[in-house]
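Undergrad: Okay, here's the structure, questions in a sec.
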Amino acid sequence: DNALTVGGVTATTNNAKTVSVSVPKGVITVSPTSVSTGNTLTLTGSAFPPATTASVLTIGGSNAMPAGGIITDADGGFTTLIEVPAAATGGSLSPGTQIVSVKIGTITGSSTEFSTPNPSIVITPAEAAVEDTITITGIGFNSLGTVTVLNIGSASALPSPAPRASRNGDITTDILVPLLNPGSYTVTMTNGTSFSASATFMATAAKVV
């Protein structure tokens with residue numbers, strides 16, 4: 001309408017102007033940023049459509065939508081407690097970075113700040129003699145998976161029945177120290193592909209009978 005007032009512009013019919021519109025992405029944060037399958041975390045979102053029900057929530061590609069669903073408030077935000085899901089093929093999500101993705105209405109938000117931890121073990125006591133009992137405590141293992149390898153050095157110390165991880169990947173088992181020469185050994189526990197951990201154990205001289 002005001003083309004004649006703009007220097008160097010000739011008024012014509014059927015003028016057109018293209019304008020780019022940026023639709024904001026939803027923002028999500030996760031706390032804590034590293035827990036294994038079966039544990040809970042708090043998911044917080046903002047910049048989503050207000051008063052709208054979420055249609056998708058995945059962690060590492062697996063469905064993590066809570067039973068009660070997610071509904072944003074009048075400002076387009078939400079805070080909810082969710083459980084880290086199992087892998088799509090069963091068992092725990094493999095250790096590493098997991099993409100957390102939420103879709104509410106037509107807006108999707110994602111985060112790469114969350115990861116599932118590598119398994120780890122603690123040996124108590126860390127030093128013992130042959131035939132002594134030691135306790136091995138593990139976290140972050142494959143959910144409900146049975147231990148297939150439990151070695152001290154190259155010697156198997158796997159008890160029968162073999163220990164099994166809980167839903168959240170915790171394992172606790174007591175074992176007898178096998179016949180070993182005094183020295184330092186690597187203890188290895190495995191209960192699935194990508195779910196293996198090691199720690200150092202010191203074998204002392206056998207007790208005199």
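The values are calculated or read from the model by the stated rules, or taken from the named source; none is laboratory data. Since the model is a prediction, treat every value here as computed from it, not as a measurement. Here the Cβ positions follow ideal geometry from the backbone for every residue, glycine too, while neighbour counts run over all protein chains shown. All accessible areas refer to the heavy atoms of the entire protein, side chains included, with ligands and DNA or RNA removed. Shrake-Rupley method; radii C 1.70, N 1.55, O 1.52, S 1.80 Å.
Undergrad: What is the dipole size for the chain, taken about its Cα centre, with +1 at each Lys and Arg Cβ and -1 at each Asp and Glu Cβ, in debye to the nearest 20? Could the numbers behind the result be given before it?
TA: Details: 6 positive and 10 negative charges, 82 e Å.
Using Cβ point charges on Lys, Arg, Asp and Glu, the chain gives about 400 debye.
Undergrad: I would also like to ask the following. Once the Cα gyration tensor of the chain is found, what semi-axes does its equivalent ellipsoid get, as square roots of 5 times the eigenvalues, in whole Å, sorted largest first?
TA: Details: eigenvalues 669, 64, 31 Å².
So the three semi-axes of the chain are 58, 18, 12 Å.
Undergrad: Let me ask something else about it. Using a 1.4 angstrom probe, figure out how much accessible area the chain has per residue, in square angstrom, rounded to the nearest whole. If you can, show how the numbers build up before the last one.
TA: Working: 11630 Å² over 209 residues.
The answer is 56 Å² per residue.
Undergrad: Summarise the accessible area of region 109-178 (1.4 Å probe, protein heavy atoms) by the percent that is carbon and sulfur. If you can, show how the numbers build up before the last one.
TA: Details: 1620 of 3330 Å².
C and S fraction of accessible area: 49 percent.
Undergrad: So, one more: Over the chain, what is the percentage of antiparallel beta bridges among all DSSP beta bridges, to the nearest 5?
TA: Working: 54 of 58 bridges.
Once the DSSP bridges in the chain are tallied, antiparallel ones form about 95 percent.
Undergrad: Sticking with this one: Which residues in region 61-79 have a backbone N closer than 20 Å to a point placed 7 Å from the Cα of R167 along the Cα-to-Cβ line?
TA: Zone members listed by number: 62-70.
Undergrad: A further question follows. Suppose the chain between T79 and A155 were pulled fully straight at 0.36 nm per residue; how much longer would it get relative to their current alpha carbon spacing?
TA: Values: separation 76, 0.36 × 76 = 27.36 nm, distance 4.92 nm.
So the extension gain works out to 22.4 nm.
Undergrad: Moving on. Would you grab the residues whose amide H sits under 5 Å from the one on T37? Only those 5+ places off in sequence or on another chain, please, with H modelled 1.01 Å from N.
TA: Those qualifying (amide H under 5 Å, at least 5 residues apart or on another chain) are L93.
Undergrad: Just L179, L43, L57 to compare: in a GNM of the chain, with alpha carbon springs under 10 Å, which one fluctuates most?
TA: L179
Undergrad: Also: Using mean Cβ contacts within 10 Å as the protection proxy, how do 109-122, 129-142 order, highest first? Mind showing how you got there, number by number?
TA: Working: 109-122: 17.1, 129-142: 18.6.
Per-residue mean Cβ counts within 10 Å order the peptides as 129-142, 109-122.
Undergrad: Further question: For a quick check: with amide H placed at 1.01 Å from N, whose amide H comes under 5 Å from T52's, ignoring anything fewer than 5 positions away on the same chain?
TA: Under 5 Å from the amide H of T52: T72.
Undergrad: Lys/Arg Cβ at +1, Asp/Glu Cβ at -1, dipole of the chain taken about the Cα centre: which of L150, S34, L93 is farthest positive-ward?
TA: Result: L93.
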